[in-house]
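The values are calculated or read from the model by the stated rules, or taken from the named source; none is laboratory data. Fair warning: this is a prediction, and the values are worked out from it, not measured in the lab. Heads up, the Cβs are rebuilt from the backbone with ideal geometry, glycines too, and the neighbour counts pull from every protein chain shown. Heavy atoms of the whole protein, side chains included, go into the accessibility calculation; ligands, DNA and RNA do not. Shrake-Rupley method; radii C 1.70, N 1.55, O 1.52, S 1.80 Å.
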Amino acid sequence: MENRHGLAVAGMVTRAGGTAECRASERMLKTKAKNAGHRITAGEDKAYDTADHVANLRAINVTPHVTQNNAVTKTGKRRRSAIDERTTRDQGYAMSQSRRAMIECIFGWGKQHGTMHKTKHRGLWRVAADFTLNLIAYNLIRIPKLVTA
């Protein structure tokens, strides 16, 4: 999702796995950064706060605006975030964190109004096609609202 207008710009369906979301994020952001031709930012939630994911994003010219995961573990130790203060003190970081919640609107729309409530398809390619169709439909519903604003 892009921050200015809340439109879906990329989406990917993967098989469930421990690092599938991070790898999908890196693939989509690599394409966006290459097309932009300059450093871009990406707001992500604390599940993406891992050292390797943050390093991979920085390597592909993406500034990771990932929520810091400084939670206390079951053993009482505090986790160490891969995001340092150089990133968090930037005013763009705060804006990315406030806009990050808007991505849930896209998924919520697909579940409530689209066909993603309970997919009727089997197979990665069919589910991916249905998901892409929902992203397109969301953008088509959203664009007229932006034009009148």
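Here are the numbers:
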quantity: Selected residue [more than 30 Å from Gly123 (Cβ to Cβ), of a type in the set (A, V, I, L, M), assigned to a loop (DSSP other than H, G, I, E, B) and more than 12 Å from the chain's Cα centre (by Cα)] from Ala94, Ala82, Ala16; calculated: Ala82
quantity: Among the candidates Thr73, Thr119, Thr87, residue that is closer than 26 Å to Met12 by Cα and at pLDDT below 90; calculated: Thr119
quantity: Single residue of segment 32-58 satisfying the filter (open to solvent by less than 40 Å² (accessible area, probe 1.4 Å) and acidic (Asp, Glu)) that is nearest to Ala8 (Cα to Cα); calculated: Glu44
quantity: Residue list for segment 31-60, restricted to those being touching a helix residue (DSSP H, G or I) at 6+ places or on another chain (Cβ under 9 Å) and not hydrophobic (A, V, I, L, M, F, W, C); calculated: Arg39, Thr41, Gly43, Glu44, Asp45, Tyr48, Thr50, Asp52, His53, Asn56
